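*Asks:* My structure is below; once you've seen it, I'll send some questions.
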Number of protein chains: 2
Amino acid sequence: MKPLPLIEVYNCLCDETRLRIVHLLERSPLCVCHLQDILGLSQVAVSKHLAYLRQRDLVQVERQGQWMVYSLPASRPRELDWQLRCLQDCLSTHPIFRTDLRKLKARLAGCCPPASPQKFSAKGK
Amino acid sequence: MKPLPLIEVYNCLCDETRLRIVHLLERSPLCVCHLQDILGLSQVAVSKHLAYLRQRDLVQVERQGQWMVYSLPASRPRELDWQLRCLQDCLSTHPIFRTDLRKLKARLAGCCPPASPQKFSAKGK
DNA sequence: AGGGAATATACCTCAATGGGTATATAATGC
DNA sequence: GCATTATATACCCATTGAGGTATATTCCCT
């Protein structure tokens, strides 16, 4: 039997890597390789955490060319919404998460590869 | 190395039993046997979940005679506070948690054993 | 002191999970 | 079609956690 939605959310966020991923995706959709780069983790590790989040509907994916662009779902269930606010409040000063955001900004600035646009408007194809 | 406080909180709440315990303790301090009764779980199971919560400072204990009375800490870290609000919002309509509260009320009403007073004022000793 | 109630802990087992390596799959560019 | 890039998945291994049984501990009462 499927556990409570809130428990699913907690299970997703109780791992540091997944917490960092969600924290990043709240700012911008990102492809796997950008996440990999920002987080400094192996491709497999990132991919598996994304699968975990995906299976529990905490993130959604869209293929853009050869990139898989992950983002938070457009319509966010109440449980997730609470947590996003909580992250803002509790993590914004933490070194790890500050660094992540700094790297994110750098990534998005000099975004040479066509990947992970800030908006999905450009029907990349 | 100790994980982030927020992650500790998530780890505590990502289990249904512990979530129910915290949800109950938010209403009233409780001894182990009352929790055991309300949750309908074995003594060992309850005790171990309480140990888990205790080790991560999500609950505190006070001995009252032969009962160990558990409660949420007086001063609640910000991370926990967010979650308590979230529980209120997301769980209050869920059958399991409604039933728990109903049983809690019953327990506290006909509280024959001297255990788990609503207030700690009565310095039982 | 001795018995009983309440609670914690030591093991044991099983399932889930996180990380890694190797490999499969899918899209791109030539 | 083929090599390359991006991503996912299949295993393998080590750790953790949840539940159970048996037992230790602590306190109360007589």
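Results for (1) out of contact with any Leu (no Cβ under 9 Å at 6 or more places or on another chain); (2) among the small types (Gly, Ala, Ser); (3) surrounded by 15 or more Cβ atoms within 10 Å (Cβ to Cβ), shown as yes or no for each residue.
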{"site": "A:His23", "(1), (2), (3)": "no, no, yes"}
{"site": "A:Ser28", "(1), (2), (3)": "no, yes, yes"}
{"site": "A:Ala45", "(1), (2), (3)": "no, yes, no"}
{"site": "A:Ala51", "(1), (2), (3)": "yes, yes, no"}
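*Asks:* Yes or no: A:Arg54 farther than 30 Å from B:Pro95 by Cα and assigned to a helix (DSSP H, G or I)? Give the derivation first.
*Replies:* Numbers: farther than 30 Å from B:Pro95 by Cα: no; assigned to a helix (DSSP H, G or I): yes.
Taking the combined requirement at face value, the residue does not satisfy it.
*Asks:* Something else now. Residues to consider are A:Thr17, A:Thr99; find the one that is more than 10 Å from chain B (Cβ to nearest Cβ), in a helix (DSSP H, G or I) and over 30 Å from B:Leu87 (Cα atoms).
*Replies:* A:Thr99
*Asks:* Please go through the range B:31-51 and pick out each residue that is in contact (Cβ under 8 Å) with a residue 24 or more places away in the chain and in a helix (DSSP H, G or I).
*Replies:* Matches in the range B:31-51: B:Val32, B:Cys33, B:His34, B:Leu35, B:Asp37, B:Ile38, B:Leu39, B:Ala45, B:Val46, B:His49, B:Leu50.
*Asks:* Looking only at the range A:60-92, count how many residues are surrounded by 15 or more Cβ atoms within 10 Å (Cβ to Cβ) and farther than 21 Å from B:Trp82 by Cβ.
*Replies:* Residues meeting the conditions: 8.
*Asks:* Would you point out the residue of the range A:31-78, among those that are within 12 Å of DNA strand C (Cβ to nearest atom) and aromatic (Phe, Trp, Tyr), that is farthest from A:Leu13 (Cα to Cα)?
*Replies:* The extreme case among them is A:Trp67.
*Asks:* A further question follows. Spot the failing condition for A:Ser28; the list is (1) more than 10 Å from DNA strand C (Cβ to nearest atom); (2) assigned to a loop (DSSP other than H, G, I, E, B); (3) over 11 Å from the mean Cα position of the chain (by Cα), and only one is missed.
*Replies:* (3)
Every number here is computed from the coordinates shown, using simple stated rules; none is lab data. The structure presented is a predicted model; accordingly, all values stated were derived computationally and were not measured. Because the Cβ atoms are built from the backbone with ideal geometry, glycine has one as well, and the counts that use them run over all protein chains shown.
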